[in-house]
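The values are calculated or read from the model by the stated rules, or taken from the named source; none is laboratory data. Worth saying up front: this structure is predicted, and the values here are computed from it rather than measured. Quick reminder, even Gly has a Cβ in these numbers, built from the backbone with ideal geometry, and neighbours come from all protein chains shown. For the accessible areas, the whole protein counts, side chains as well, though only heavy atoms, and no ligand, DNA or RNA atoms are used. Shrake-Rupley method; radii C 1.70, N 1.55, O 1.52, S 1.80 Å.
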Amino acid sequence: MIEEKVLDNPLLEGLALDRHVDSLSFVIFGAHGDLTKRKLVPAMYALFLQGLLPKGFALLGTSRTKMSDEEFRNLMRDSLIKFAPDLPYEEESWSRFAASLYYRATDSSKPEGYEVIKSTLTELDAKHGTKGRHVFYLSTSPSLYLPIIKGLAASGLVTKAKVSEAWPRVVIEKPFGHDLASSIDLDENIHEVMREHQVYRIDHYLGKETVQNIMVFRFANGIFEPLWNRNHIDHIQITNAETIGVEGRGAYYQEAGALRDMVQNHLMQLLALVLMEPPISMDAEATRDEKIKVLRCLKPLTAESIDQHAVRGQYGEGFIVGSTVPGFRQEESVSPDAPTPTFAALKLEVDNWRWAGVPIYMRSGKRLAKSITEVAVHFKKAPHNLFAADQSDDPSERHDNVLVMQIQPEEGISLKFATKQPGPTTMVRWLNMDFKYGTAFGARTPTAYERLILDCLIGDPSLYARTDFVEASWKYIEPLIEHWDKVKPTDFPNYKAGSWGPKAADDLIASTGHAWRKL
Ligand code: BG6
């Protein structure tokens, strides 16, 4: 069982494993979809194994597909075994968990669908003691968010709660709108039927252990924060590289592209955590207040400055792990002249006292040479170099003190520093001091969805995106989206699958005398 393993490890003593959750019913729209099978139900099962689900708990799945409760339970069991092999599957535990799973086929475009959900919830409330405490998780296409929220409101399942009241709650997945106007429109419509504190916008990056650790690392240690500013930091590189392509989501991705898919949400959240001021407390609003300030300090991009600050790319055919893979324009459901960027590199400038003059580089791309996400903080050099022979003219070969927060796949932190190689002469060697989550804690890392769902059950929105953050992020990205829409790319595809992106991205970072880290 997970909880025994967790409690056995002395490093985990003192962790708050006893966060209190009231009895509740959890309704998933899109229960037949991939996210439910791969992430949501496995996360709930993991919470169940750790004793973190409330005593009174019911999960009601709904979608158009016809299925009985039993068929739904079997489908979820098979998916768990297939998609969450790290979770211990035991007949006995699964049966206890599966007894709380229910399913109703409904059409969310029809009022009758909500009547079915309402009457089922009445039954479940009576059976599991969950009355009045309902979470609605929209694991559907974004185009259904508003119709479903309106349907829930019309049937009385969702009402505006006072700030002192916690229920009902609605969880929505990114993308939150397609641009600034549509995201404002979505929020205005949502706020007509419920208040902001009832809305949980999932950005799964915030649920990753290593992402949460950025705040702990910065603010629980006294030694790093005094260095965390323009006086000591030369520049920062945020990299999100994926070897995968669009994975059967060609139609979605062709419309979204790298900016909407990764940069506007996940990478902006990472950026805010790395650059924010210390919050006055770990309270959800206090931390989110500080994060939004970072976005407000970003120097806006203008049509004139874009070419010096942003580079786009699209992958062509190439090799990934020894196999040939098609270019983006040859992917299923992608048009042969799609102008969609599958790679974006940005140079961001932050206009505040802490970061003025420190370039922040960000890159995100599909079909790159390796799958790796990290934040690398490059410190300034020692003021006087006694060991000149050690430094190369090539910026990519040059050594700095670099602190790397490895988000995935290797989860950890490493600090690069110079040391004397043993021997009769003074030879400088650059080494890494490494911390690895896996070896240090020896425990299974909870998935992002486990943490985020638990927080939603508890009513803690700290790790969810607040509406002002979403808007500020769109506001920053919008001029870039508009410019790239207007000025069509003439050189696509401009990088090979399996490479590190277009050459222009190297030129972008070279403009300040830097080079991307070799990963
Ligand atoms: C999703 C994007 O939000 O995040 C995908 O839509 C991307 O395109 C994925 O592959 C990356 O998530 P992770 O957790 O694998 O880094």
| message | I'm trying to understand the selection: among the residues of the range 37-46, which are of a type in the set (A, V, I, L, M, F, W, C) and surrounded by fewer than 23 Cβ atoms within 10 Å (Cβ to Cβ)? | response | A43
| task | Just name the residue that is farthest from V171 (Cα to Cα) out of those in the range 471-498 that are open to solvent by less than 10 Å² (accessible area, probe 1.4 Å) and part of a helix (DSSP H, G or I). | result | L480
| From the list S119, S143, which residue is within 27 Å of Y464 (Cα to Cα) and free of Cβ contacts under 8 Å to residues at least 40 places away in the same chain? | S143
| request: Determine whether T439 is of a type in the set (S, T, Y), surrounded by fewer than 12 Cβ atoms within 10 Å (Cβ to Cβ) and not in a helix (DSSP H, G or I). | output: no
| request: Determine whether the range 211-232 contains at least one residue that is open to solvent by 30 Å² or more (accessible area, probe 1.4 Å), within 12 Å of the ligand (Cβ to nearest atom) and touching a residue at least 60 places away in the same chain (Cβ under 8 Å). | output: no
| request: Looking only at the range 313-327, count how many residues are touching a strand residue (DSSP E or B) at 6+ places or on another chain (Cβ under 6 Å) and assigned to a loop (DSSP other than H, G, I, E, B). | output: 1
| Would the range 281-291 turn up any residue that is out of contact with any His (no Cβ under 9 Å at 6 or more places or on another chain), under 27 Å from Q237 (Cβ atoms) and of a type in the set (K, R)? | yes
| field | the range 197-212, residues that are in a strand (DSSP E or B) and of a type in the set (S, T, N, Q) | value | none
| query | How many of the residues making up the range 47-78 are touching a residue at least 24 places away in the same chain (Cβ under 8 Å) and crowded, with 17+ Cβ neighbours inside 10 Å? | reply | 20
| said: Could you check the range 400-427 and list, in sequence order, the residues that are assigned to a strand (DSSP E or B) and small (G, A, S)? | reply: G412, S414, A418
| For the subset of the range 182-210 comprising residues that are among the hydroxyl-bearing types (S, T, Y) and in contact (Cβ under 8 Å) with a residue 40 or more places away in the chain, which member is nearest to the ligand (Cβ to nearest atom)? | Y205
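Rundown of residues vs (1) of a type in the set (V, I, T); (2) in a loop (DSSP other than H, G, I, E, B); (3) within 16 Å of the ligand (Cβ to nearest atom), yes/no style:
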| residue | (1), (2), (3) |
| --- | --- |
| A286 | no, no, no |
| R329 | no, no, no |
| A345 | no, no, no |
| E374 | no, no, yes |
| A382 | no, yes, no |
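Output the residue which, of all residues in the range 288-312 that are without any contact (Cβ under 8 Å) to a residue 12 or more places away in the chain and either within 16 Å of the ligand (Cβ to nearest atom) or assigned to a helix (DSSP H, G or I) (or both), is surrounded by the fewest Cβ atoms within 10 Å (Cβ to Cβ).
Checking each candidate, the answer is D307.
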| task | Please note which helices (runs of 4 or more DSSP H) are completely contained in the range 109-196 and include at least 2 residues that are of a type in the set (D, E) and closer than 23 Å to A58 by Cβ. | result | 111-128
| Does the range 236-269 hold any residues that are of a type in the set (S, T, Y), within 10 Å of the ligand (Cβ to nearest atom) and open to solvent by less than 10 Å² (accessible area, probe 1.4 Å), and which are they? | Y253
| Taking into account only those residues within the range 196-210 that are at pLDDT below 95 and more than 20 Å from the chain's Cα centre (by Cα), which is surrounded by the most Cβ atoms within 10 Å (Cβ to Cβ)? | H197
| message | When the residues of the range 159-195 are narrowed to those that are hydroxyl-bearing (S, T, Y) and farther than 20 Å from S462 by Cβ, which ends up least open to solvent (accessible area, probe 1.4 Å)? | response | S183
| message | If L454 meets every condition in (1) surrounded by fewer than 21 Cβ atoms within 10 Å (Cβ to Cβ); (2) in a helix (DSSP H, G or I) apart from one, which number is that one? | response | (1)
